[in-house]
Every structure is written in C-alpha cells, then in structure tokens.
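Derivation of every value follows stated rules applied to the coordinates shown; laboratory data play no part. Please read all numbers here as calculations on a predicted model, not as lab measurements. All Cβ positions, glycine included, derive from the backbone under ideal geometry; neighbour counts span all protein chains shown.
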Amino acid sequence: MNFTGLSLDQAPPISVPFRYFFVAPLFAMMAAMLLLFGESFHLERFSKEVIAATHLITIGFFGFVMLGALTQMLPVIANATIKRVELIAGTSHIAMILGLLSMVYGLLQNQTLFLNGAYIFLGFGFFVMLIAIINSIRSVENFTPTIRGMLSSVSFAFVIVGVGVLLLAEYAFGDLGIYHVAFANIHSTLAIFGFAGMLIIGVSFQVLPMFYVAPSFGTFVESKLVYILGVALVVWSVTNLFALEFVVFAKVFLILCFIYYAYILFKTIKTRKRKIQDITIRYFYTAIAFLVGGLFLWFLQSFIEKISIVVVAVFVGGFILCVMQGMLYKIIPFLVWFHLNAKGYMSIPTMNEMLNKKFVQLQYGLFVGSIVFFILAVYIEVLLPVSLLLFIGSMGLLEYNMLSAYKIYRLTCKKKPEFDMSGFTS
Amino acid sequence: MYSIKEYLTNDHRRCDDVFAKMEEQANSSLAEAKEVTEKFVADMERHFQREERVMFPEFETKTGMLNGPTEMMRQEHAQMRNLMAKLLEAIDTNDTDKFFGLSETLMILLQQHNMKEEQMLYTMAQQHLSAEASRIVEMMDSLVIE
C-alpha cells in the first residue's frame with residue numbers, strides 16, 4: 001500500500017492545479033464580454049453567441065477548475081496519483097485552450113476549419129486527462145464514497161465530451177441531425193448534474209468534515225446517493241430520447257434527489273463544529289439556495305420554455321460556480337502554504353495572510369449580484385449589461401485574488417527565508 | 001475493549017472537538033482562549049505520543065516497514081507541532097489574524113493527516129496487530145506523556 005497525498009515528494013507540483021485555476025476566470029470574463037459586445041444582444045439558448053459564451057464558462061471555468069482540483073485531490077483524498085502528471089496536464093491543458101478558442105471563433109465566424117479543430121482539440125484534451133484520471137483511480141484499494149462520486153463524475157464526463165464532439169461536428173458539417181436538440185439537452189443536463197454535480201457531491205462527503213469539522217452525511221447518503229442519481233440520470237437521458245411522455249417522471253425524481261442532497265448539505269454545514277464564519281461558508285449557503293431555486297425553475301421549465309437560460313444561469317452560475325469559488329478560496333492559500341512549507345522555509349505567511357478579506361468579500365458580492373441581475377435580465381433586458389459588467393468585475397477580482405496568493409509563493413521562493421528544519425525532524 | 005482503529009479514531013474526534021472550542025473561544029477573546037489552546041496542544045501531544053511511542057513501534061516491528069507510512073506520519077506530526085507552538089506564540093502576542101491563519105492551516109493539515117491514518121494506517125495496523133490489540137490499546141491508554 002502506498003502512502004501518497006500531501007507528502008513532500010508525491011503531491012503534484014503547484015503548477016499543475018494552478019495552470020487550470022488561473023485561466024478559469026479569464027475564460028469567464030471572455031464569455032461575458034462576448035455577450036456584452038456581441039452582435040445579437042438577446043439571450044436565445046441556441047444562438048451561436050450564447051452557445052459559445054456558455055462553453056467558455058462550462059469548459060473554460062468549471063471544466064478547468066474541476067480538472068485542476070482533481071489533479072490535487074486524487075492523491076490527497078483517493079490516494080491515487082496520476083502518472084507523469086505534468087506532461088499529461090500540460091498537454092491536455094494546451095489542447096483544451098486551443099480547442100475552446102477554436103470553438104468560439106468557429107461558431108461566431110462560421111469557420112468550418114476552426115470548428116473541426118475545436119472538436120479534435122477539445123476531444124483530445126479532455127480524453128487524455130479523463131483517461132489518466134480513470135487510470136489512477138484503478139489503483140485505489142479503499143473505495144470510499146468520495147471516490148465513487150469522482151468516478152461517476154468522470155464517467156459522465158466521457159459521455160458529455162463524446163456527445164459534445166458529435167454536436168460540434170454537426171455544426172462543422174453544417175448538418176444538424178433530428179436528434180440535435182435532444183442530444184444538446186442530454187449534453188447540458190449531464191454536464192450539470194453528472195459531471196459537476198457528482199463531483200461536488202462526492203467531494204463534499206470528504207471536504208466538509210475536513211474543512212469545517214462537520215458530521216458525516218450518513219451511511220445512506222454516502223453509500224447510495226451517487227448510485228441512485230447515476231441511474232436517474234441515465235433513465236432521464238433515455239426517456240428524453242425515446243419516451244418523451246415519461247421524461248417528466250424521471251425529472252421529478254432527479255429534482256427530489258437533489259433537493260434531498262441540498263437539505264443534507266445544509267444540515268451538515270449548519271451542525272458543523274467549527275463555527276467560524278468565512279467566505280467559503282457563505283459561498284456554500286448561496287450555492288444551496290441557488291440549487292434549490294434552480295431545481296424549482298427546472299421543473300417549471302417544462303411549462304415555460306423562456307426560462308431555460310435562467311435555469312442554466314442558476315445551476316451553473318448560482319450553484320456550481322459558487323461551490324467552486326468557495327473551494328478555490330480554501331484550496332489556493334493552502335496549496336501555497338503547503339508547497340512553501342515543503343521547501344522548509346521559515347516565516348511563511350499564514351493562509352489568512354494570502355488573501356485580502358475585503359477583496360474576497362467584494363468579489364462574492366459582485367458575483368452574486370451578477371447572477372441575480374442576469375436572472376432579472378430575462379424580463380428586464382436593460383439589466384443584462386449591468387449583470388455582465390458585475391460578472392466581469394467579479395471574475396477579474398477572483399483572478400487578482402488568486403494571483404495575489406501565488407505572488408506570495410513566488411516572492412517567498414525568491415527571498416528564500418532561512419530554512420526551518422524543525423518541521424522535518426521528530 | 002476498543003480496537004486500535006476505534007481507539008485512535010475516537011482520539012481524533014476528541015481533539016477535533018477541543019479544536020472547535022478553541023476557535024470559538026478565540027473568536028470572542030484571544031487571551032481567554034489560552035487555556036483551551038493549551039488543552040488542545042496537550043491532547044494532540046498525547047495522541048502523537050500514543051502513536052509514536054506505542055503503536056508505530058509495534059507496527060514497525062511486526063511489518064518490518066521502518067521507512068514507510070509511520071515515518072511519513074512522524075514527519076507530519078512534527079509539522080503540526082511546529083504550527084501548534086506558533087499558535088501559542090500568537091496568543092502571547094495577541095495576534096488574532098496570525099492565530100486564525102495558523103488554526104486554518106493546522107486544521108487542513110490535521111484533517112488530511114487523520115484521513116490517511118483512519119483510512120489506511122489504522123486499517124493496516126488492525127490487520128497486522130489484531131492479536132495484540134487489547135495489549136496495545138491498554139499501553140496507549142496508560143502511557144505517561146513525556
């Protein structure tokens with residue numbers, strides 16, 4: 001049995017997760033700018049601008065953050081190390097950036113060459129990383145609920161990427177098949193609930209007790225929820241393709257499962273032993289509120305098609321991005337501290353000193369404001385630019401906050417404060 | 001009688017409880033948190049010594065793994081001792097920001113350390129030392145802390 005994790009020589013280099021984290025807000029800002037300065041200033045779900053902007057956020061923000069976090073969490077939480085992680089992450093990261101930029105340009109300019117390049121690069125970049133992750137999980141001996149969540153998430157990612165490649169190829173060939181919309185629905189629903197949702201659920205089982213000394217989620221939730229949701233998502237996908245009259249039942253079941261998870265998540269955070277309030281707790285509570293609201297709106301969407309953009313905004317922006325930003329504010333200062341400590345330096349700044357609390361709170365306010373205004377903009381169109389500007393501000397500030405922590409890492413490495421060996425001797 | 005895994009896992013939870021109380025107290029008054037912080041540090045030290053002076057040597061003798069997981073756990077204990085010493089310094093200098101910065105770091109380090117022990121090392125110890133479990137637990141329980 002090997003003991004990996006946060007050991008000096010086995011954690012991935014700091015550049016591996018950070019290369020994913022640092023591009024995420026830049027793509028999110030690009031998405032907002034696209035909508036702000038784009039030709040059509042309306043939120044039509046299947047307009048090419050909206051598709052491009054959505055993917056700048058789903059692939060560019062939450063896809064990158066999730067892959068970056070997995071490179072760090074797999075050794076820590078699952079005791080699974082990705083072999084040749086720098087090479088694999090570097091290759092996948094560059095391919096995905098090229099693919100995403102090609103996709104956006106190809107969609108906006110109707111450029112077949114770029115659309116072809118997009119699905120090749122994106123497919124390659126995603127699959128390289130996903131295969132490496134699956135491969136590392138294969139070596140895991142102790143299969144915890146968190147690892148089950150990670151594995152389910154990555155399995156859904158295979159489907160999502162496969163379907164995504166197909167949908168993009170249809171755009172490239174200029175031939176949208178009769179199942180295009182149904183596949184697009186499956187692609188987006190599995191991305192939200194399967195890829196992101198399962199990872200958030202699985203990781204929450206472990207990080208909430210770890211960061212906040214919270215109680216466990218209970219045996220039933222930890223051992224069964226991921227399976228139940230996995231089956232429900234597959235049933236929903238199949239009914240969506242072949243038995244539309246039953247899709248509402250699968251949808252209601254999924255909604256009830258996620259509402260139950262939201263309730264357990266709320267209860268777990270509420271009964272945590274560490275009562276200290278920080279921005280990450282606020283982000284979690286906000287995420288829960290948006291999750292429940294989003295589920296309600298998703299149900300209504302069956303009757304009111306106009307709100308489909310709101311549903312996506314609430315789930316992706318309100319739920320997924322809130323959880324991820326909260327986690328980034330925990331992970332980044334800790335990784336900076338950990339890697340500096342591993343070098344044996346004295347006088348390392350503490351985690352609290354790596355982030356400016358006021359800027360972090362301002363970033364939270366701007367972000368939540370942007371989501372609220374975005375929802376209102378569906379009915380009051382004039383609010384859309386306000387929402388987009390707030391979003392750009394919040395993402396710019398998130399980038400600044402993350403880079404500030406990294407700057408401390410670089411400066412401390414450069415200064416090389418005298419070595420402290422006390423941490424390495426018994 | 002507890003198994004080795006149950007005994008040491010319960011010890012982790014007890015330390016977590018004291019940690020939470022320590023932060024809560026420090027949030028209202030750092031100076032008044034000195035006593036509970038000292039208790040937390042003492043409880044942690046007792047737990048470390050139960051492992052380092054009893055369970056780890058027994059495990060190493062039985063398995064022959066001298067530079068394996070137990071060595072890594074010792075290194076992590078040392079890192080945490082270092083942070084705990086700084087926690088007490090932060091109380092003496094009445095530096096609240098420093099205290100919470102250190103407690104935050106210590107918490108994450110401690111929890112990932114506990115996770116590795118509970119999910120892997122204690123399970124391994126359980127497998128290799130099951131015949132001597134009662135004796136080892138008794139020794140850990142009656143250990144006089146140095």
Practice task
Specify the angular offset, from 0 to 90 degrees and rounded to the nearest 10, of the alpha carbon long axis of helix A:64-73 from the longest principal axis of the alpha carbons in chain A.
Solution key: 40
Exercise for the section: May I ask you to list the GluC sites (Glu not before Pro) in the range A:293-385 that are in a DSSP loop and have at most 14 other Cβ atoms within 10 Å of their Cβ? Expected result: A:GLU381
Completion exercise
Filtered hits (aspartates and glutamates, Cα-Cα < 12 Å from B:LYS116, offset >= 8 within chain) -> B:GLU76
Handout entry: With at most 11 other Cβ atoms within 10 Å, longest stretch of chain A clear of loop trypsin sites (Lys or Arg not before Pro) (DSSP)
Key = A:85-426
Handout entry: 13 Å Cα-Cα reach of B:LYS34 towards aspartates and glutamates, excluding residues that sit fewer than 8 places from it in its own chain
Key = B:GLU23, B:GLU24, B:GLU89, B:ASP92, B:ASP95
Handout entry: Over 28 Å (Cα to Cα) - which of A:LYS273/B:LYS86; A:LYS273/A:LYS330; A:LYS275/A:LYS416 fall in this group
Key = A:LYS275/A:LYS416
Problem - Helix A:357-377 vs. chain A, principal-axis angle (Cα, 0 to 90°, nearest 10) - result: 10
Completion exercise
With +1 at each Lys and Arg Cβ and -1 at each Asp and Glu Cβ, the charge dipole magnitude of the range B:103-146 around its Cα centre, to the nearest 20 debye, comes out at 140
Problem - Listed residues A:GLY125, A:GLY344, A:GLY393, most fluctuating in chain A (Gaussian network, C-alpha, under 10 Å) - result: A:GLY344
Fill in the blank from the handout: Counting Lys and Arg as +1 and Asp and Glu as -1 over every other residue whose Cβ sits under 13 Å from the Cβ of B:GLU132, the net charge comes to 0
Practice task
Round to a whole angstrom and tell me the spacing of the C-alpha centers of the range A:357-413 and the range B:28-62.
Solution key: 42
Practice task
For every helix of n ≥ 4 consecutive DSSP H residues, a contribution of -39,500 (n - 2.57) applies; sum these over chain A, divide by its total residues, and give [θ] at 222 nm rounded to the nearest 500 deg cm²/dmol.
Solution key: -24000 deg cm²/dmol
Problem - Subset of A:LYS267/A:LYS358; A:LYS251/A:LYS358; A:LYS48/A:LYS83; B:LYS5/B:LYS39 violating a 30 Å alpha-carbon distance limit - result: A:LYS251/A:LYS358; A:LYS48/A:LYS83
Fill in the blank from the handout: Given Cβ charges of +1 for Lys and Arg and -1 for Asp and Glu, the option among A:PHE127, A:LEU340, A:ILE304 whose Cα lies farthest towards the positive end of the dipole of chain A is A:LEU340
Practice task
Select from A:PHE315, A:LEU355, A:TYR379 the residue farthest towards the positive end of the dipole of the range A:259-384; place +1 on Cβ of Lys and Arg, -1 on Cβ of Asp and Glu, and compute about the Cα centre.
Solution key: A:LEU355
Problem - the range A:84-110 versus the range A:215-270: alpha-carbon centroid distance in Å - result: 32
Completion exercise
Residues whose modelled amide H sits under 5 Å from the amide H of A:TYR345, counting only those 5 or more places away in sequence or on another chain, are A:ASP420
Fill in the blank from the handout: To the nearest 20 debye, the range B:48-144 has a Cα-centred charge dipole, built from +1 on Lys and Arg Cβ and -1 on Asp and Glu Cβ, of 180
Handout entry: GNM flexibility winner over chain A from A:PHE374, A:PHE290, A:PHE143 (Cα, springs under 10 Å)
Key = A:PHE143
Exercise for the section: Would you work out the charge dipole size for the protein assembly as shown about its Cα centre, treating the Cβ of every Lys and Arg as +1 and the Cβ of every Asp and Glu as -1, and quote it to the nearest 20 debye? Expected result: 560
Problem - Computed label-point distance, nm, for sites B:ALA31 and A:PHE246 using a 7 Å Cα→Cβ extension - result: 7.1
Handout entry: Relative contact order of the range A:281-392, defined on C-alpha pairs under 8 angstrom at six or more residues apart (%)
Key = 24
Exercise for the section: Rounded to whole Hz and in sequence order, give me ³J(HN,Hα) for the range A:31-36 from the Karplus expression 6.51 cos²θ - 1.76 cosθ + 1.60, θ = phi - 60°, writing x for Gly and Pro. Expected result: 4, 5, 5, 4, 6, 5
Problem - Crossing angle, helix A:383-415 versus chain A [Cα axis fit, 0-90 degrees, rounded to tens] - result: 20
Handout entry: Karplus (6.51, -1.76, 1.60) ³J(HN,Hα), θ = phi - 60°, over the range B:106-112, in Hz, Gly and Pro reported as x
Key = 4, 4, 5, 4, 5, 5, 5
Problem - chain B - percent relative contact order, Cα under 8 Å, separation 6 or more - result: 41
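With runs of 4+ DSSP H residues as the only contributors, calculate the mean residue ellipticity of chain B at 222 nm using -39,500 (n - 2.57) per run, divided by the residue total and rounded to the nearest 500.
Mean residue ellipticity, 222 nm, calculated: -25000 deg cm²/dmol.
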Fill in the blank from the handout: Length-normalised contact order of chain A, Cα under 8 Å, at least 6 apart, in percent, tallies to 15
Fill in the blank from the handout: Sequence order, the range B:38-55: Karplus ³J(HN,Hα) from phi using 6.51 cos²θ - 1.76 cosθ + 1.60, θ = phi - 60°, Hz rounded, Gly and Pro as x, gives 4, 5, 4, 4, 5, 5, 5, 4, 4, 5, 4, 5, 4, 7, 5, 9, 10, 5
